[in-house]
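Trainee: This structure is in structure tokens; I'll ask about it shortly.
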């Protein structure tokens, strides 16, 4: 439970499991997620949510916005998830950041690792003022500075499939696990108030390598939240 930055997450009163949520329908899930996160925030906790697909981020941020009106997001992903509608669903895993931005829940959205931009999503990014760092423009050593409360949304498919095959949507040419960790470690932020790790698919991870990458990312994000 020790992180690379020297924090023992297994120490008493540092880190705990707040339990799981069970859903009977997608409609119920959105409200249940928002309510559960709101309860944790009311207790002045810093939640890290584990998905599930990226649809969970919209209700999570909806709850965060009420406590942190000027929250900012650093979003790791192969996909921008900015579709206005995807497969007739405005709340699918491909749409959360369109909903978040159109409802004004965040002051700033920075997307890292993107390598599937199409015309519609590029226009959406321009419309909402999203800062997109596509993989074709990636260089090691990039650092980001945030001047407000920061939320990290980490889609596991931001990692190249060679490092994380346990995802539903393969997209070659992504970050290495080390590049992702170094980016997290170098974030300059006023405070990191929450995070999610999403899109892990254990059915495609028979060796467990993706699960281990998720656990590693979780530890390093949690450490930065405790700085």
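Trainee: Of the residues in the range 198-214, how many are within 14 Å of the chain's Cα centre (by Cα) and not in a strand (DSSP E or B)?
Mentor: If we filter the range 198-214 for residues that are within 14 Å of the chain's Cα centre (by Cα), which is where we start, we get 198-200, 214.
Retained after the next criterion (residues that are not in a strand (DSSP E or B)): 199, 214.
Within the range 198-214, residues that are within 14 Å of the chain's Cα centre (by Cα) and not in a strand (DSSP E or B) number 2.
Trainee: Just to be sure I understand the filter: pairs with C-beta atoms under 7 Å, separated by 6 or more residues or on different chains, first member in the range 164-188 and more than 16 Å from residue 200 (Cβ to Cβ), second member exposed (fewer than 15 other Cβ atoms within 10 Å of the Cβ) and at pLDDT 95 or above. Which pairs pass?
Mentor: 188/145
Trainee: Okay, next question. Regarding the range 141-154, can at least one residue be identified that is at pLDDT below 95 and out of contact with any strand residue (DSSP E or B) (no Cβ under 9 Å at 6 or more places or on another chain)?
Mentor: Looking for residues that are at pLDDT below 95 and out of contact with any strand residue (DSSP E or B) (no Cβ under 9 Å at 6 or more places or on another chain), one finds at least one in the range 141-154, hence yes.
Trainee: Would you mind finding the one in 158, 130 that is surrounded by 17 or more Cβ atoms within 10 Å (Cβ to Cβ), under 18 Å from residue 195 (Cα atoms) and either out of contact with any strand residue (DSSP E or B) (no Cβ under 9 Å at 6 or more places or on another chain) or at pLDDT 95 or above (or both)?
Mentor: It is 158.
Trainee: Mind checking whether some residue in the range 38-51 is closer than 25 Å to residue 175 by Cβ, at pLDDT below 95, surrounded by 15 or more Cβ atoms within 10 Å (Cβ to Cβ) and touching a strand residue (DSSP E or B) at 6+ places or on another chain (Cβ under 6 Å)? Steps first, answer last, please.
Mentor: Within the range 38-51, the first condition is being closer than 25 Å to residue 175 by Cβ, and the residues that meet it are 46-51.
Restricting the remaining residues to those that are at pLDDT below 95 gives 51.
Imposing the further condition that a residue be surrounded by 15 or more Cβ atoms within 10 Å (Cβ to Cβ) reduces the set to 51.
Now drop any that are not touching a strand residue (DSSP E or B) at 6+ places or on another chain (Cβ under 6 Å), which leaves 51.
Yes, there is a match, as at least one residue in the range 38-51 is closer than 25 Å to residue 175 by Cβ, at pLDDT below 95, surrounded by 15 or more Cβ atoms within 10 Å (Cβ to Cβ) and touching a strand residue (DSSP E or B) at 6+ places or on another chain (Cβ under 6 Å).
Trainee: Also, I was wondering about something else. Of the numbered conditions (1) over 20 Å from residue 197 (Cβ atoms); (2) in a helix (DSSP H, G or I); (3) touching a residue at least 12 places away in the same chain (Cβ under 8 Å), residue 27 fails exactly one; give the number of that condition.
Mentor: (3)
Trainee: Test each condition in (1) crowded, with 21+ Cβ neighbours inside 10 Å; (2) farther than 29 Å from residue 203 by Cβ; (3) in contact with a helix residue (DSSP H, G or I) (Cβ under 8 Å, 6 or more places away or on another chain) for residue 68 and report the one that comes out false.
Mentor: (3)
Trainee: Here's another thing I want to ask about it. I'd like the residue in the range 52-65 that is surrounded by fewer than 22 Cβ atoms within 10 Å (Cβ to Cβ) and more than 22 Å from residue 121 (Cα to Cα) and, out of all such residues, is farthest from the chain's Cα centre (by Cα). Give the steps one after another, and end with the answer.
Mentor: Initial filter on the range 52-65 (surrounded by fewer than 22 Cβ atoms within 10 Å (Cβ to Cβ)): 52-53, 62, 65.
Of the ones still in play, those that are also more than 22 Å from residue 121 (Cα to Cα) are 52, 65.
Values: 52: 11, 65: 15 Å.
Only one residue tops the list, namely 65.
Trainee: Any residue that is surrounded by 21 or more Cβ atoms within 10 Å (Cβ to Cβ) and in contact with a helix residue (DSSP H, G or I) (Cβ under 7 Å, 6 or more places away or on another chain) - is there at least one of those in the range 204-213?
Mentor: Our first condition is that a residue be surrounded by 21 or more Cβ atoms within 10 Å (Cβ to Cβ); within the range 204-213, this holds for 210, 213.
Restricting the remaining residues to those that are in contact with a helix residue (DSSP H, G or I) (Cβ under 7 Å, 6 or more places away or on another chain) gives 210, 213.
Yes, the conditions are met somewhere in the range 204-213.
Trainee: If I ask for residues that are under 14 Å from the mean Cα position of the chain (by Cα) and surrounded by fewer than 23 Cβ atoms within 10 Å (Cβ to Cβ), which ones from the range 72-93 would you list?
Mentor: Matches in the range 72-93: 72 only.
Trainee: Would you please name the residue that is surrounded by the fewest Cβ atoms within 10 Å (Cβ to Cβ), looking only at residues in the range 7-21 that are touching a residue at least 40 places away in the same chain (Cβ under 8 Å) and farther than 12 Å from residue 46 by Cα? So that I can check it myself, show each step before the final result.
Mentor: Kept after step one, since they are touching a residue at least 40 places away in the same chain (Cβ under 8 Å), are these residues of the range 7-21: 7, 9, 14-15.
In the following step, the residues that additionally are farther than 12 Å from residue 46 by Cα were identified as 7, 9.
On the way: 7: 20, 9: 15.
For the range 7-21, the residue satisfying everything is 9.
The values are calculated or read from the model by the stated rules, or taken from the named source; none is laboratory data. Please read these numbers as outputs of a predicted model, since none were measured by experiment. Using ideal geometry, Cβ is built from the backbone for each residue, glycine included, and neighbour counts are taken over all protein chains shown.
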